[in-house]
């Protein structure tokens, strides 16, 4: 029963393009948003000026709907009128249709996702940083350890469980966060920014092809199941520590 | 820390902060100026509230607000009832196959409702709940995440309190209501904040299940309002966007600490 639905999918070049897009989407958004979240947390945890403002600014995108975020970014990306083009024109750069050309559309989508989720991940790092005992820093200072060495050899290893937790969340988000496609690109131009969940939606509710959408759903669930298994193993490992 | 590195840290942190809220600031700028002043970044141009007026008259926003409000309330009530009962059962009761059932519940953490749109749509249609607020809320009520959270909170309740209430002649549901629920208040609050902000912002599923202004939540209304086919300009879209995020954003700015604590409590399981 139904294996021809999968065969059709595997024979569909759009399906493979969408998978490739989603892999790039995940491959960029996961590490970059984790890296930015870590930088944000280190800053928000250090004794800098305007710390309250900085924390609020980093976290604010998290409470906005993705649809609203997309509308805000539309103002940046619109060719000719958008903020990016205005800044570019100051330096004599030509107008760029960020959302309208296949080379840049997916990247424009990726930037909005990173912007949306980095502040959310920051709070987990922030909480973890606050559990690192002060005397580790004091001991490192007495030893004359540079800040870079302290961060790399002491802070980062202690943050490892948090990083894994965030990475799983970021992975789930790379399947789930697609609302902004509806506003910014609708998966175009020529499917260049189409992601898996958007394709499932389009198949089921724009092309009324429920069987193929269902087949794709099963594939996504299988991948998520593997992610789940990995996390369960990791959770098991963490309980051994305690 | 030397004063130079301290300065560099502050500078970097604040620069990133400004980049991070720039989209919101530009939207605020655009919403309060005429379109041509907004796109030319004409700093000395006059302020105006016209965009808000045009946006407000352009769609039944009050209805959308009310729908979103009803939706998050219905979901939260359903979640509180189901997750309390299920969380209590997994934490304190013994029944055959408990561990297997719990694993089945946990699996739902990874099989996201977002991925199941096709199947959920078929189910909601069969139940005759298409284009109803209940239909939008239903897939989220038996939240695995909430059940897990409540189970953890209830497991932390000292068994002595349970025993004491039982000796006083309290029934099982009475014990749950009088002992466990009051002690789990911080967890309920945290869960409520996460749930409300998630469903206030949810888009894909409501887009599929709603089909009329009577059920449509804010996010779907906003996406229809801003669609290029409608030809609204960027200042009006910005005004509409700010209007629709204002309640949650203001609540966040006031209760920032509680929000962050809630997300943390909910995240670190």
Subtracting the Cα-Cα distance from 0.36 nm times the residue separation, let me have the gained length for residue B:249 to residue B:63 in nm, one decimal. 65.0 nm
Cα-based shape type of chain A, given that a ≥ b ≥ c are square roots of the gyration tensor eigenvalues and the cut on a/c is 1.5: oblate
Chain B shape via C-alpha gyration tensor axes, a/c threshold 1.5: oblate
Paramagnetic reach from residue B:81 (point 7 Å along Cα→Cβ, amide N under 15 Å) across region B:104-138: B:134-135, B:137-138
Mean residue ellipticity (222 nm) of chain B, computed from DSSP H runs ≥ 4 via -39,500 (n - 2.57), nearest 500: -22000 deg cm²/dmol
Take chain B, connect every pair of alpha-carbon atoms lying under 10 Å apart with a spring to form a Gaussian network, then pick out the residue of B:134, B:222, B:161 with the largest mean-square fluctuation. B:161
For chain A, find the longest principal axis of its Cα atoms and tell me its angle to the long axis of helix A:160-176, 0 to 90°, nearest 10. 20
note: the protein assembly as shown, Cα-Cα separations exceeding 39 Å make up a percent value of 29
Between residue B:131 and residue B:21, how many nm apart are label points set 7 Å from Cα along the C-beta direction? 4.3
What does the helix-only formula give at 222 nm for chain A: each DSSP H stretch with n ≥ 4 adding -39500 (n - 2.57), the total divided by the residues, and the result rounded to the nearest 500 deg cm²/dmol? -24000 deg cm²/dmol
How far is it, in nm, from the label point at residue B:264 to the one at residue A:190 when both lie 7 Å from their Cα along the line to the Cβ? 5.0
How far is helix B:144-155 tilted, in degrees, relative to the longest principal axis of the Cα atoms in chain B, given as a value from 0 to 90 rounded to the nearest 10? 50
Kindly identify region A:6-136 as rounded, prolate or oblate by the Cα gyration tensor criterion: order the square roots of the eigenvalues as a ≥ b ≥ c, call it rounded if a/c is under 1.5, otherwise compare a/b with b/c, prolate if a/b is larger, else oblate. oblate
Computed over chain A: longest principal axis from alpha-carbon atoms vs helix A:66-77 long axis, angle to nearest 10 degrees, is 90
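Here, each number is a calculation from the coordinates, and none is a lab measurement. Just so you know, these numbers come straight off a predicted model, no measurement behind them. Cβ coordinates were reconstructed from backbone atoms using ideal geometry, including for glycine residues, and neighbour counts include every protein chain displayed.
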